[in-house]
Amino acid sequence: DQQVKQNSPSLSVQEGRISILNCDYTNSMFDYFLWYKKYPAEGPTFLISISSIKDKNEDGRFTVFLNKSAKHLSLHIVPSQPGDSAVYFCAASGETSGSRLTFGEGTQLTVNP
Amino acid sequence: GAGVSQSPSNKVTEKGKDVELRCDPISGHTALYWYRQSLGQGLEFLIYFQGNSAPDKSGLPSDRFSAERTGGSVSTLTIQRTQQEDSAVYLCASSFGGTSSGANVLTFGAGSRLTVL
């Protein structure tokens, strides 16, 4: 069963506009959520995270929003830049999984100049 | 080292052969993870080592897969009698482990791309 789902395999936006990537989860025991970015031929790199005690975390151009009642989180990138073009993975962990992360399928973001 | 190192970066093998993939985690990281990414798929958890505890092997897809972590550092993932469906990028990651939220921030290596012909 896919406990973390990213329903959009791809997203294309214009440079300078907002990118919104979405992620849904089913396991109510998840209490920590992360976003990773992956360029081709490289490993995923950590981008931003949020604990379940918060509903928003911001770091520069990146903001993650968490809606626990809907079991939904989103990553906002504003303004989007061509260098942001990559695959973005949503991940989650919880008390029962320790520090092991469960990943979504990823969303390919393309930012057009 | 400064990052997670994996070798080989690319491996092409024939169906039925055994392969070994190596991971050298970040010094001081007590937790080590193996994931794999098949073409067009997300990251699939394989196995997780935390300190001296018994590893969490719940993600290994079959008994052809095994992993060791020697001396709490370097890890080797072994795939016996490889099959074409084993073709994927095998990613290793490490973290500080423990129970703090920061323990969940995994640092990944660049991966080992395995192609089984």
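Surrounded by fewer than 17 Cβ atoms within 10 Å (Cβ to Cβ) and away from chain A (no Cβ under 14 Å): is that true of B:Gly72 in this structure? Yes, satisfied.
Taking segment A:32-49 as the region of interest, how many residues are over 14 Å from B:Gln37 (Cβ atoms), of a type in the set (A, V, I, L, M, F, W, C) and surrounded by fewer than 21 Cβ atoms within 10 Å (Cβ to Cβ)? Residues in segment A:32-49 being over 14 Å from B:Gln37 (Cβ atoms), of a type in the set (A, V, I, L, M, F, W, C) and surrounded by fewer than 21 Cβ atoms within 10 Å (Cβ to Cβ): 3 in total.
Restricting attention to segment A:55-113, the residues being exposed (fewer than 14 other Cβ atoms within 10 Å of the Cβ), within 14 Å of chain B (Cβ to nearest Cβ) and outside any strand (DSSP E or B) number 2.
Residue count for segment B:24-57 under the criterion of being free of Cβ contacts under 8 Å to residues at least 12 places away in the same chain and more than 9 Å from chain A (Cβ to nearest Cβ): the result is 3.
Within segment A:6-52, the set of residues being of a type in the set (A, V, I, L, M) and touching a residue at least 12 places away in the same chain (Cβ under 8 Å) comprises A:Leu11, A:Val13, A:Ile18, A:Ile20, A:Leu21, A:Met29, A:Leu34, A:Leu47, A:Ile48, A:Ile50. Count of segment B:58-87 residues, restricted to those that are on the phi > 0 side of the Ramachandran plot and in contact (Cβ under 8 Å) with a residue 40 or more places away in the chain, is 2. Of all the residues in segment A:20-54, those that are over 18 Å from B:Ala93 (Cβ atoms), touching a Gly at 6+ places or on another chain (Cβ under 7 Å) and not in a strand (DSSP E or B) number 2.
Would you check which residues across segment B:76-94 are open to solvent by less than 10 Å² (accessible area, probe 1.4 Å) and part of a loop (DSSP other than H, G, I, E, B) and list them? Listed by number, the list holds a single entry, B:Thr82. Taken over segment A:7-31, residues that are within 25 Å of B:Ala110 (Cα to Cα) and surrounded by 21 or more Cβ atoms within 10 Å (Cβ to Cβ) amount to 2. The residues of segment B:8-60 that are polar (S, T, N, Q), modelled with pLDDT of 95 or more and in a loop (DSSP other than H, G, I, E, B) amount to a single one, B:Ser9. Return yes or no: is A:Leu101 touching a Phe, Trp or Tyr at 6+ places or on another chain (Cβ under 6 Å) and at negative phi? No, not satisfied.
The values are calculated or read from the model by the stated rules, or taken from the named source; none is laboratory data. Quick caveat: nothing in here was measured; it's all calculated off a predicted structure. Every residue, glycine as well, gets a Cβ built from its backbone with ideal geometry; the counts of neighbours run over all protein chains shown. Keep in mind that these areas ignore ligands, DNA and RNA; they rest on the heavy atoms of the full protein, side chains included. Shrake-Rupley method; radii C 1.70, N 1.55, O 1.52, S 1.80 Å.
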